[in-house]
Structure formats: structure tokens, C-alpha cells
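**Q** Here's a structure for you.
The values are calculated or read from the model by the stated rules, or taken from the named source; none is laboratory data. These figures come from a predicted structure and were not determined experimentally. Cβ atoms come from the backbone with ideal geometry, glycine included; neighbour counts cover every protein chain shown.
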Amino acid sequence: MAGEGPDSETRPSSPSQKKPTSPTYVKAISGSLGGIVEACCLQPIDVIKTRLQLDTSGNYKGILHCGTTIARTEGIRALWKGLTPFATHLTLKYTLRMGSNALLQSVFVDTKTGKLSNGARMASGFGAGVLEALLIVTPFEVVKIRLQQQRGLSPELLKYKGPIHCARMIIREEGFLGLWAGAAPTVMRNGTNQAAMFTAKNAFDTVLWKKHEGDGKVLQPWQSMISGFLAGTAGPICTGPFDVVKTRLMAQSKSGEIKYKGMVHAIRTIYAEEGLLALWKGLLPRLMRIPPGQAIMWAVADQVTGLYERRYIHKATV
């Protein structure tokens, strides 16, 4: 199998033996590097997703129409609106996600066998998702969405001049907690997403490539991309309503009309006014962004952690 090296004889001979894995800080670094690459590649799709979710009057006819309309009326650079907070947000998010997941897994792992059950893996992923939602995702996405919903590129016509100015304006007008608008659906979305994603990624690595965590095998980038892509597909479908509600809550300013009073009220209002399918608005661009994003991130992260294990763990046991 690709990536399997001469150190294979140093692997534990029995599945009951504890397998050493990369330390938490290596997992965190691998996530941060993957986040940087992902953000630069996929920002336009995220802008289109946000515009579609905020479109209540049918201005955009679909993904291509939305993208071409933005480029034609606002300039091609508008497709990278909010890139600075998005890239910073992704880098910090993946650092916290991968690091906290590794830390939680070390808490839940069976100390005798070194095995991690699927339930423990899901609990670790959910916990990592909750942490990233509260500490990083919510405030960064509030700023990103406020920037993305602005039309045009002329600074004099824009309320928010940039991410820092946007954050300051929100705090001044809405209070510090204004940066945590939509926190509840964000927690539900990210917790569920990460519980499913970490469990699915491990399962696909095992089934497709016979790769087990800590075995010293380094997957080829294309193998990691396939596993990451497949693992990233389930979350958007399951968490679509949470993502739409999160976007609507984050977009409304407390200095203006408050249409949605909370997560449950928003779900009911959207369903009553726009129909059931409106709760999955922006699903296709999410599917165009998240699975490829996971493919990119895991291709980078697996190389970092795999090479660390080969060089510093398995080589040291020779």
C-alpha cells in the first residue's frame, strides 16, 4: 500500500497493544496548515453560499448566476470578500479542532488497549466542535457574514470598511455579545459536523486504505483527499437548517429590525414564510465547499502527522 515504509515491522504486533500517535501540538499544527490552504482555494464558494442564504427575494437563480452576478456588478474581487477573517478563522478553527479532538481522544481512550470506541470518537469530535463554535467560529463568522452581505466595493458606500472596523462597529452598536449572534445554531452545527466527520474519516481510512491511527503509514495525498471528501459530505445535509438559521441570525443587526428572536423562532419563521426547503438554502454551495475543503485540509494534515509519526515515533522504536 502506498506510503507504507520499512518501519512496518516496528508496529504493534497485536491490536490489544497501545499504539503511539502524534502529540496534540502536532495535530494542531497540521490543522492550521490545512486551514490556510483551504481558505485560499474556496473563499468564492463561501461568498456565494452566504449570498444565497441571505437572498429572500429570489435575486439569484442559482450558484452560477449568483457568482456571475457578483463578479459582473461588483467586480471579481468581491468573490473574495471577507477572505482575511475567513482565512484567520479557518486557521484558528482547525488548530483548535484538531488539537482539542486529539486531547479529548486521549481522555476517552481505553488506557489498557489504546483503543478508541466509535462512541468515544464521536464524543471527542462533538466536544471539539462545540469548543471551536464558541471560541472561534461564531465571532469570526459574524464579521465575515456582515462583510459578505454588503454590496459593492466602493469604501464610501460600505458600512463596514474591513474586519477590524466591522468588529468594532458591532461591539459599539450591539455590545460585545453581538459578536456571538447565532451561537446556538453554530454550536449545534459544528458539534454535529465534527462528531460525524472524525468518525467517518477514521472509518474511510480503515476501510479504503487499511490505515489505522498511529500505525506509521503515511497516506498519499490523493488517498487523504478521498477519505476527507467522503467524510465531509454528511454534515452539510444533516445540519443545513442550523447553518441557514446561523447565517440569518448573524446577518441581522440589533441596530435595525430584529426579525428572528432565536434559533427556534428563526426555524419556525423561515418554514412558515418560505417553506421547508428554505431551511436547506445554500446546501449545494456548502457541498461544493465543505467536502473539497475537508479533502484539502486532510491532504495537508495527514502528511504532517504521518511524517511526524514515521520520523519521531516509529523510527525511534527501531
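**Q** Evaluate the stretch 134-153: report whether one residue or more is surrounded by fewer than 17 Cβ atoms within 10 Å (Cβ to Cβ), outside any helix (DSSP H, G or I) and without any contact (Cβ under 8 Å) to a residue 60 or more places away in the chain.
**A** No, there is no match, as no residue in the stretch 134-153 is surrounded by fewer than 17 Cβ atoms within 10 Å (Cβ to Cβ), outside any helix (DSSP H, G or I) and without any contact (Cβ under 8 Å) to a residue 60 or more places away in the chain.
**Q** Looking only at the stretch 278-297, which residues are over 23 Å from residue 32 (Cβ atoms) and surrounded by fewer than 23 Cβ atoms within 10 Å (Cβ to Cβ)?
**A** Across the stretch 278-297, the qualifying residues are 278, 279, 280, 283, 284, 287, 288.
**Q** Inside the stretch 157-179, can you point out the residues that are part of a helix (DSSP H, G or I), touching a residue at least 12 places away in the same chain (Cβ under 8 Å) and over 19 Å from residue 266 (Cα atoms)?
**A** 163, 166, 167, 170, 173, 174
**Q** In the stretch 88-102, which residues are hydrophobic (A, V, I, L, M, F, W, C) and surrounded by fewer than 19 Cβ atoms within 10 Å (Cβ to Cβ)? Please lay out each step first, then the result.
**A** Our first condition is that a residue be hydrophobic (A, V, I, L, M, F, W, C); within the stretch 88-102, this holds for 90, 92, 96, 98, 102.
92, the sole residue that qualifies.
**Q** For the stretch 138-152, give me each residue that is out of contact with any Leu (no Cβ under 6 Å at 6 or more places or on another chain) and farther than 18 Å from residue 45 by Cα.
**A** Correct list: 138 only.
Listed here are the residues, each with its yes/no results for (1) closer than 10 Å to residue 81 by Cα; (2) among the acidic types (Asp, Glu); (3) at pLDDT below 85.
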| residue | (1), (2), (3) |
| --- | --- |
| 145 | yes, no, no |
| 150 | yes, no, yes |
| 155 | no, no, yes |
| 160 | no, no, no |
| 165 | no, no, no |
| 173 | no, yes, no |
| 178 | no, no, no |
| 181 | no, no, no |
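**Q** If you don't mind, another one. Starting from the stretch 180-200, take each residue that is within 13 Å of residue 240 (Cβ to Cβ) and list its partners that are at pLDDT below 90 and among the hydroxyl-bearing types (Ser, Thr, Tyr), counting only C-beta distances under 6 angstrom and pairs at least six apart or across chains.
**A** Pairs that qualify, where the first residue is within 13 Å of residue 240 (Cβ to Cβ) and the partner is at pLDDT below 90 and among the hydroxyl-bearing types (Ser, Thr, Tyr), are 189/239; 192/239; 193/239.
**Q** What number of residues in the stretch 202-222 are surrounded by 22 or more Cβ atoms within 10 Å (Cβ to Cβ), within 22 Å of residue 97 (Cα to Cα) and among the charged types (D, E, K, R)?
**A** The total comes to 2.
**Q** Okay, moving on. So which of 200, 234, 167 is farther than 27 Å from residue 276 by Cα and within 18 Å of the chain's Cα centre (by Cα)? Break it down into steps so the answer makes sense when it comes.
**A** Values: 234 fails: farther than 27 Å from residue 276 by Cα; 167 fails: within 18 Å of the chain's Cα centre (by Cα).
Of the residues listed, the single one that is farther than 27 Å from residue 276 by Cα and within 18 Å of the chain's Cα centre (by Cα) is 200.
Per-residue answers, yes or no, for (1) out of contact with any helix residue (DSSP H, G or I) (no Cβ under 6 Å at 6 or more places or on another chain); (2) over 16 Å from residue 229 (Cα atoms):
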position: 250; (1), (2): no, yes
position: 254; (1), (2): no, yes
position: 266; (1), (2): no, yes
position: 273; (1), (2): yes, yes
position: 282; (1), (2): no, yes
position: 292; (1), (2): yes, no
position: 298; (1), (2): no, no
position: 308; (1), (2): no, yes
position: 312; (1), (2): yes, yes
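**Q** Residues 301, 272: which one is crowded, with 21+ Cβ neighbours inside 10 Å and assigned to a helix (DSSP H, G or I)?
**A** Result: 301 is the single residue among 301, 272 that is crowded, with 21+ Cβ neighbours inside 10 Å and assigned to a helix (DSSP H, G or I).
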